[in-house]
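Asker: Attaching a single structure in structure tokens format; questions to follow.
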Amino acid sequence: MKETYLNDQFFSRLETLALNLRSNLAGYFGGKHLVNTYGQTVEFSDFREYQLGDDIRRIDWNLYSRFEKYFLKLFTDERQMQVQIFLDCSASMGKDNPQKSAYAVATAAALGFLAVHNMDKVSFHLMKENRAENPFGTIIGKTPYFRAIGELEQLEFTDDTDIESCVTSCPNTSTNNGLTVIISDFFTDSNWKKAVDYLCYKKRQVLLVQIMTPDELDPAYDGRVNLIDSESVDMSDPKNMKLRITRSMQKAYEEALNDFRQDIHTFCSKRGVDFVSISTAMPIEKVLFGELMKVGIMA
């Protein structure tokens with residue numbers, strides 16, 4: 001039986017949260033996100049002087065009686081956003097660690113739930129090798145969402161993933177109308193940075209979620225070991241090796257890992273991209289109510 005974090009308590013806690021998207025995104029009419037334009041909601045925002053061609057039904061006649069000038073009432077505009085969630089389905093994300101894959105699915109499910117709960121559109125893109133499958137299409141509403149989540153829990157994590165190809169070849173990435181999330185450990189030879197640059201070019205708000213296990217963060221190996229790449233299909237692959245683990249090698253791994261994570265953080269900061277790196281040892285509630293709030297993606 002597959003491990004899961006998804007239950008009624010999990011979703012009930014999420015109902016107190018909302019995705020906090022940038023106010024300059026365009027989006028579609030009919031959502032709940034306030035944007036920096038004026039629209040048709042009932043929430044008053046400002047006044048401005050009447051200009052030829054304006055709708056005279058918006059004139060505030062009380063102000064006209066005081067100033068003998070025409071002013072229009074302006075109201076806030078609310079839009080529906082498109083949320084894309086790219087989930088890395090490579091072997092390193094859970095082939096030999098069911099907790100890691102369950103954690104990744106729960107993170108994707110949480111972000112998807114917040115989208116449909118706040119009247120946004122959401123799509124789940126499953127990154128496998130060099131393509132991203134979208135088996136559920138664009139989801140609007142909780143009924144199709146829960147149907148999709150039931151299938152997500154049965155996902156198999158195998159082979160490797162080319163994040164660049166999966167993201168850049170996605171046919172329905174719209175421009176400037178929502179959030180794109182990439183959930184991965186980013187242990188890949190593919191150029192994931194080009195995928196992020198592509199999304200920035202499309203004026204998407206971008207969030208990278210790096211998921212790692214305690215063993216990946218602080219491996220407790222000692223002595224002679226066989227290291228086998230979980231994404232390798234050929235046992236003669238040079239990535240598979242026999243080593244004698246020493247303290248100096250552990251120190252080198254720690255420094256390389258810190259450099260790797262810092263490189264992601266620096267790259268994202270320069271592009272205004274949100275990035276969180278989390279361990280599966282961290283309670284999922286702390287991720288949702290803590291780490292994602294720190295970067296401002298949730299409110």
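The values are calculated or read from the model by the stated rules, or taken from the named source; none is laboratory data. Model, not experiment: these values are computed from the prediction. Please note: Cβ atoms are built from the backbone with ideal geometry, for glycine as well, and neighbour counts cover all protein chains shown.
Asker: Would you mention how many residues in segment 193-209 are farther than 18 Å from Asn258 by Cα and buried (at least 19 other Cβ atoms within 10 Å of the Cβ)?
Answerer: Residues meeting the conditions: 7.
Asker: Among the residues of segment 255-283, what is the count of those that are in a helix (DSSP H, G or I), over 16 Å from Leu208 (Cβ atoms) and in contact (Cβ under 8 Å) with a residue 40 or more places away in the chain? Steps first, answer last, please.
Answerer: Taking segment 255-283 as the starting set, the residues that turn out to be in a helix (DSSP H, G or I) are 255-271.
Cutting the leftovers down to over 16 Å from Leu208 (Cβ atoms) gives us 255-259.
From the residues that got through so far, the ones that are in contact (Cβ under 8 Å) with a residue 40 or more places away in the chain too are 257.
Matching residues across segment 255-283 total 1.
Asker: Looking at segment 66-78, can you tell me whether even one residue there is under 17 Å from Gly112 (Cβ atoms) and either in contact with a Ser or Thr (Cβ under 7 Å, 6 or more places away or on another chain) or modelled with pLDDT under 80 (or both)?
Answerer: Residues of segment 66-78 under 17 Å from Gly112 (Cβ atoms): none.
No, that holds for no residue.
Asker: On to the next question. Considering only segment 137-179, how many residues are in a loop (DSSP other than H, G, I, E, B) and of a type in the set (Ser, Thr, Tyr)? Talk me through it step by step, then tell me what you get.
Answerer: Here is the first cut: in segment 137-179, the residues in a loop (DSSP other than H, G, I, E, B) are 137-138, 140-141, 153-160, 162, 169-177.
Okay, now just the ones that are also of a type in the set (Ser, Thr, Tyr), so 138, 158, 169, 173-175.
Final tally of qualifying residues: 6.
Asker: Working carefully through the options Leu208, Leu227, Leu217, find the one that is under 23 Å from Ser92 (Cα atoms) and modelled with pLDDT of 95 or more. Steps first, please.
Answerer: On the way: Leu227 fails: modelled with pLDDT of 95 or more; Leu217 fails: modelled with pLDDT of 95 or more.
Testing whether each residue is under 23 Å from Ser92 (Cα atoms) and modelled with pLDDT of 95 or more leaves just Leu208.
Asker: Could you grab me the full set of residues in segment 82-132 that are assigned to a strand (DSSP E or B) and under 18 Å from Met212 (Cβ atoms)?
Answerer: First, pick out the residues of segment 82-132 that are assigned to a strand (DSSP E or B): 82-88, 121-129, 131-132.
Phe86, Leu87, Asp88, Met127, listed by residue number.
Asker: Follow-up. Suppose we keep only residues that are among the hydrophobic types (A, V, I, L, M, F, W, C) and over 14 Å from Lys128 (Cα atoms) within segment 166-186. Which one would you say is modelled with the lowest pLDDT? Walk me through how you get there before you give the answer.
Answerer: To start, the set of residues in segment 166-186 that are among the hydrophobic types (A, V, I, L, M, F, W, C) comprises 166-167, 170, 179, 181-183, 186.
Add one more test, that the residue is over 14 Å from Lys128 (Cα atoms), and what stays is 179, 181.
On the way: Leu179: 91, Val181: 96.
Checking each candidate, the answer is Leu179.
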